[in-house]
Amino acid sequence: MRTLWIPVLVCLTLTGCPELGREWTDKEETLLVDYYKVQCDKDDSNLCFRVRDKSTESWKTANLPFTGFSTFAWGNRYSVTVNTSFNSNGKDSAYEFRSVDSTTAVSSADQAFALTLYTRAGVLTPLDDANWSLGGDVAFACGAFCGEIKNAVDAQFVLKLEFTASAGSVTLNSLLCSASENDFNSECSGESTSKWTVAHFQSECGLADAAMCLLYRVNSSDDWSLLQLSGDISDFTPVWGKQYDLTVVKTLSSGGSISKAVLKENDSNPDDKANSTYPFKFIVRGSALATDNSGVIAGYDNAPAMNCSTNSLCTNLNNYISDDQWLLLKGYIDGEQVMLQEVICHDDVLADFNTCVKDEDDVTWSF
């Protein structure tokens, strides 16, 4: 019997016994929390926070225990201190809320979001004929979509719903799609062919790095939308001053936004809008620009140079550029340059700049 204890005694007196595993100490750290929650898993009726460690990272679903954050209100983004526990592999295993470091209400332009809800898990439950509970967390009125939602839940379909969130409550905007689980990816989140009109100018993307993005619309009566893709439309090379009618294959992300667009059919005879008859308004980032050289400011991300000699714009623009301000400009294409006509808005605070931009009827996109 004595010999059976020898390996155990040796392991207890030596460090690094692999079968004991490594212990990871809990750590207090900062976590960023998004302004809405998502279904934790397609088999789960509960909702989970969306979190990230840094503002430069993508949001991820915190589908692990996150306790104590009872003051969370839909429509607010938070920086919080949490006590993080780790598993034997050093991965986050649980968050315990400690304190709120900062709270920011999302702007009205950013309030809309889409949720993909697997109803067979019970994430949607009726409160009455006009209201539903979302994950037992927040209620919403179903409005004009009550019948469609009920039918989808009864059939255990997957629903894609668009909401807005503000001041702790959510409002249903639209029912984007409804399909069986087998058909959902192809009908609601997969690839589809669409006809787009692409504008003869571009505007700042509003992403982490300075870049210009295409503007597109589906119908001539629609407002222009910003295609916030770093690669624009694959296999398509736009020319400023040309307006195109294209056929594209688009791919939607699980959140309902366009994650990819590939050219299917080009426009062999685009409309020529390179003259003063077709002025446009566009946004640029001052931090990506240099002051003028003989009345011309170089563009970025393949945008044409901007001629600021008209109306003595160069002096003011140089000051705004030096201050890294955001700029809403008006101009038109003349040859290979944008002839600037007016500085409509400028501010180094993005929130204040966006407030000014919203007052412009011709600017129908935001970031």
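The values are calculated or read from the model by the stated rules, or taken from the named source; none is laboratory data. Predicted model only: the values in this text are computed from it and were never measured. Cβ atoms come from the backbone with ideal geometry, glycine included; neighbour counts cover every protein chain shown. Note: areas computed on protein heavy atoms with side chains; ligands, DNA, RNA excluded. Shrake-Rupley method; radii C 1.70, N 1.55, O 1.52, S 1.80 Å.
Taking the Cβ of residue 197 as the centre, find all other residues whose Cβ is under 11 Å away and add up their charges (Lys, Arg: +1; Asp, Glu: -1). It works out to a net charge of -2.
Take the Cα of residue 25, step 7 Å toward its Cβ, do the same at residue 52, and the gap between the two points is 3.0 nm. Could you name the lysines in cross-link range of residue 281, using Cα to Cα under 23 Å and dropping any fewer than eight places away on the same chain? Correct list for residue 281: 242, 273, 330, 358. Computed from label points 7 Å out along Cα-Cβ, the spacing between residue 361 and residue 266 is 3.7 nm. State, as an integer percentage, the relative contact order of the range 253-353 based on alpha-carbon contacts under 8 Å between residues 6 or more apart. Once normalised by length, the contact order is 27 percent. Computed from label points 7 Å out along Cα-Cβ, the spacing between residue 120 and residue 302 is 4.4 nm.
Over the C-alpha trace of the range 130-174, radius of gyration and Dmax come out as 10.5, 33 angstrom.
Between the range 193-214 and the range 222-277, what's the alpha-carbon centroid distance in Å? Taking the Cα centre of the range 222-277 as reference, the centre of the range 193-214 is 7 Å away.
Show me 115-122, 127-134 ranked by packing, highest mean number of other Cβ atoms within 10 Å first.
On the way: 115-122: 19.6, 127-134: 14.0.
Ranked from most to least packed, the peptides come out as 115-122, 127-134.
With the cut-off at 35 Å, report for the chain the share of all Cα pairs above it, as a whole percent.
Details: 28273 of 67161 pairs.
Summing the P(r) of the chain above 35 Å gives 42 percent of all pairs.
Each residue of the range 270-283 was assigned a 3J(HN,Hα) from its phi angle through the Karplus expression (A = 6.51, B = -1.76, C = 1.60, θ = phi - 60°), giving x, 6, 8, 10, 9, 6, 5, 5, 10, x, 8, 10, 8, 10 Hz with x at Gly and Pro.
Which whole-number percent of Cα pairs in the range 260-367 have a distance greater than 18 Å? Numbers along the way, then the final one.
Values: 3046 of 5778 pairs.
Of all Cα-Cα distances in the range 260-367, 53 percent exceed 18 Å.
Remark: relative contact order (the chain) = 10 percent; criterion is Cα-Cα distance under 8 angstrom and separation of 6 or more residues.
All C-alpha pair distances within the range 66-172, sorted into 10 Å bins from zero, spread as 13, 35, 30, 19, 3 percent across the bins.
Taking 16 Å as the straight-line reach from the Cα of residue 91, the aspartates and glutamates in range (excluding those fewer than 8 positions away in the same chain) are 23, 26, 28, 29, 53. The residue 181 and residue 220 beta-carbon pair, evaluated with R₀ = 35 Å, returns a calculated FRET efficiency of approximately 0.45.
Of all the accessible heavy-atom surface of the chain, with the other protein chains kept in place and a 1.4 Å probe, what percent is carbon and sulfur? Walk me through the numbers on the way to the answer.
Working: 8620 of 19320 Å².
Roughly 45 percent, rounded to a whole number.
If the viscosity is 1.306 mPa s and the temperature 10 °C, what translational diffusion coefficient in µm²/s does Stokes-Einstein give for the range 90-244 when Rh comes from Kirkwood over Cα pairs? For these conditions, the coefficient is 84 µm²/s. What's the longest piece of the chain with no exposed GluC sites (Glu not before Pro), counting a site as exposed if DSSP puts it in a loop and it has at most 14 other beta carbons within 10 Å? In short, 58-335. Measuring r between the beta carbons of residue 128 and residue 99 and using R0 = 45 Å, the FRET efficiency lands at 0.75.
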